[in-house]
1. What number of residues within region A:74-86 satisfy the criterion of being facing chain B (nearest Cβ under 8 Å) and touching a helix residue (DSSP H, G or I) at 6+ places or on another chain (Cβ under 6 Å)?
2. Quick one: in region A:240-256, of everything that is within 16 Å of residue A:335 (Cβ to Cβ) and in contact (Cβ under 8 Å) with a residue 60 or more places away in the chain, which residue is farthest from the chain's Cα centre (by Cα)?
3. Could you grab me the full set of residues in region A:204-235 that are open to solvent by 80 Å² or more (accessible area, probe 1.4 Å) and in a helix (DSSP H, G or I)?
4. Do any strands (runs of 3 or more DSSP E) lying entirely in region B:241-340 carry at least 3 residues that are open to solvent by 40 Å² or more (accessible area, probe 1.4 Å), and which ones are they?
5. Does residue A:281 meet the test of being closer than 30 Å to residue B:75 by Cα and without any contact (Cβ under 8 Å) to a residue 40 or more places away in the chain?
6. One residue is enough: does region B:99-121 have a residue meeting the conditions more than 10 Å from chain A (Cβ to nearest Cβ) and over 30 Å from residue A:103 (Cβ atoms)?
7. Looking at (1) within 23 Å of residue A:101 (Cβ to Cβ); (2) in contact with a Phe, Trp or Tyr (Cβ under 8 Å, 6 or more places away or on another chain), which one does residue A:30 not meet, given that it meets all the others?
8. Among the residues of region B:20-39, is there at least one that is within 9 Å of another protein chain (Cβ to nearest Cβ), open to solvent by 20 Å² or more (accessible area, probe 1.4 Å) and of a type in the set (A, V, I, L, M)?
Protein chains: 2
Amino acid sequence: MATPTATTRPSPERIFSTLTAYQQSSALKAAIDLDIFTAIAEGASTAATLAAKVGAAERGVRILCDYLTIQGFLAKEGDCYALSPESNVFLNRHSSAWIGSMSDFLTDPGHRSNFEALAQAVRKGGTPSTAGDNTKPNDELWVSFARSMAPLTVAAAEFIAGLTGATEGMPWRVLDIAAGHGMYGITLAKRNPNAYIVALDWPSVLEVAHENAHKHGVAHRYTKRPGSAFETEFGNGYDYVLLTNIYHHFDMPTCETLTRKVHTALKPGGKAITLEFVPNEDRVSPPLAASFSLQMLVGTDAGEAYTFSQYEKMFANSGFKKTTLHPIPEMPQQVLVSEK
Amino acid sequence: MATPTATTRPSPERIFSTLTAYQQSSALKAAIDLDIFTAIAEGASTAATLAAKVGAAERGVRILCDYLTIQGFLAKEGDCYALSPESNVFLNRHSSAWIGSMSDFLTDPGHRSNFEALAQAVRKGGTPSTAGDNTKPNDELWVSFARSMAPLTVAAAEFIAGLTGATEGMPWRVLDIAAGHGMYGITLAKRNPNAYIVALDWPSVLEVAHENAHKHGVAHRYTKRPGSAFETEFGNGYDYVLLTNIYHHFDMPTCETLTRKVHTALKPGGKAITLEFVPNEDRVSPPLAASFSLQMLVGTDAGEAYTFSQYEKMFANSGFKKTTLHPIPEMPQQVLVSEK
């Protein structure tokens, strides 16, 4: 996608498709909300049977399912619809990998209005939101994030557990900064029965993390520390500090302030584990990681997706010995390990 | 896109990209509104020079241009951005094929809110808009359509002129129903100096068509007939009746009512010329034509994109001898010619 070939004869078709791409988001969101994918998994296959099952008009279901077929989320044979492999795994509620819940956060109305004011964000160089950027306490947004995005974290959380050798069972104290749903710290605690987690986030968000800690049987090794990462006392002597999806909200000087505080909180030889969208140095590849900066332009005052060389320099400035980069298979994010 | 391959290992990446596809629309719309493409065409190539030229923040322009590069609308070399071939032809105001104006209609806020209520449209089987569907008089919307979509019509209008042999200069009376910007009828009048056009649409929309007729030097052969296609007297003895992008707003019985009225208005041997999105009989291909039904689900009470067999039957029922289908090269729409 990044390099248009000069030999293609220009056609306005892709400009048209891009200007109407918001319709793709709406169609998938509507199908998830109506739970069409689960209804198909349960055996309804025609517009008429699906409509009866999900409580909608046959004509509406037919047109929506045709559109989802065009987009590749369904297959159609005669008048019968079937799930694509990805819909079957990720959008069918009977699948353990169901991620339908993330549609609420990804299509959050506030985030959408920020995007509708993108020209204004470009003029200003930061979020157009008058409600303040998304780094301020905003319990409702982050509780929605914590509730809806947890299923997406499994691959990255297990990857971090593997990278840190959690199953070796060494006694660990882990600080999970901006814990959200808490699943990164909770996964470490599940894999390492001798890990104790201190989770930091806004109070109402920590309630979601605590619910998850209970659900996964690690609540007795889980401590809540409510507040801002910049103002709350971390404590010290940690083996690991988790920094998952936090740096991209801030400018580099702010990130460095946080990183110095993390350095102080770690014991010698302790490690900061950062989960981030890390574009290549060209900032336009790979597509998903590099695209993430636009979300931060509209949603924050000064955040973006930083490159590895920027992170490397920041961790070195903050006193870390060395930082290494670890791609997560088939995920757009990467893990940075920085050793004190 | 229509046939997911069973061998692909399912990944949630495309679900994520689709749920956030609205961001692509916003990015392209913002770049068109800021006129970034024209600024690059005029020689600005870095984020700093572009920002100065378009009156925006360097950081905002850099992040937006990186995103446009990822989407293939720009190329990037070091810190310099360049236009892709399609951006150069269609999004640079110095190009005669500039179509930037269509972004206003395609991302119309009313249309976007309808899409945000798509689940409701599917339940109901028609537009969720409480303001009424888009077949009612709605001068503001259709004036916006007429003003912003005219540049997109050139290829189809010239194709129709070629198909009808306009340049042979036969004396013609042409009725252009729901004329909009008027460019289909106006193009016939330009190619055939002996063609007289009667244009029918809402009064304020006809003003736009009339401006265009003036601009193209055919106003002396251009008559306005304000009103609804269903209520206004057509007159009779026409050589051609143009039905461009009108049928998809209505259900089939309503389309047939209109078609019978068209049949009466034509002289013997006269032809109805229909321009439409005509999906294949499977209703899921080709992608753009088949996708169009979803727009009609959210925007109308009962419209959609009909297949050729549906049109063929409707024209036959209305008394036409035969109907033929003519694809327009490199355009998503097709032309139907129906002979009385």
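The values are calculated or read from the model by the stated rules, or taken from the named source; none is laboratory data. These figures come from a predicted structure and were not determined experimentally. Please note: Cβ atoms are built from the backbone with ideal geometry, for glycine as well, and neighbour counts cover all protein chains shown. These accessible areas exclude ligands, DNA and RNA; they are computed on the full protein's heavy atoms, side chains included. Shrake-Rupley method; radii C 1.70, N 1.55, O 1.52, S 1.80 Å.
1. Of the residues in that region, 1 qualify.
2. Of the residues in region A:240-256, the ones within 16 Å of residue A:335 (Cβ to Cβ) are A:240-248.
Imposing the further condition that a residue be in contact (Cβ under 8 Å) with a residue 60 or more places away in the chain reduces the set to A:240-247.
Values: A:240: 21, A:241: 19, A:242: 15, A:243: 13, A:244: 9, A:245: 7, A:246: 11, A:247: 13 Å.
By that ranking, first place goes to A:240.
3. If the condition is that a residue be open to solvent by 80 Å² or more (accessible area, probe 1.4 Å) and in a helix (DSSP H, G or I), then A:207, A:211, A:214, A:215, A:220 are the ones that fit.
4. Where strands (runs of 3 or more DSSP E) fall fully within region B:241-340 and carry at least 3 residues being open to solvent by 40 Å² or more (accessible area, probe 1.4 Å), they are B:266-276, B:322-327.
5. Taking the combined requirement at face value, the residue satisfies it.
6. yes
7. Condition (2) is where residue A:30 drops out.
8. In the first step, residues of region B:20-39 are kept if they are within 9 Å of another protein chain (Cβ to nearest Cβ); the result is B:20-34, B:36.
Filter again for open to solvent by 20 Å² or more (accessible area, probe 1.4 Å), leaving B:24, B:29, B:33.
Narrowing further to those that are of a type in the set (A, V, I, L, M): none.
No, because not a single residue in region B:20-39 is within 9 Å of another protein chain (Cβ to nearest Cβ), open to solvent by 20 Å² or more (accessible area, probe 1.4 Å) and of a type in the set (A, V, I, L, M).
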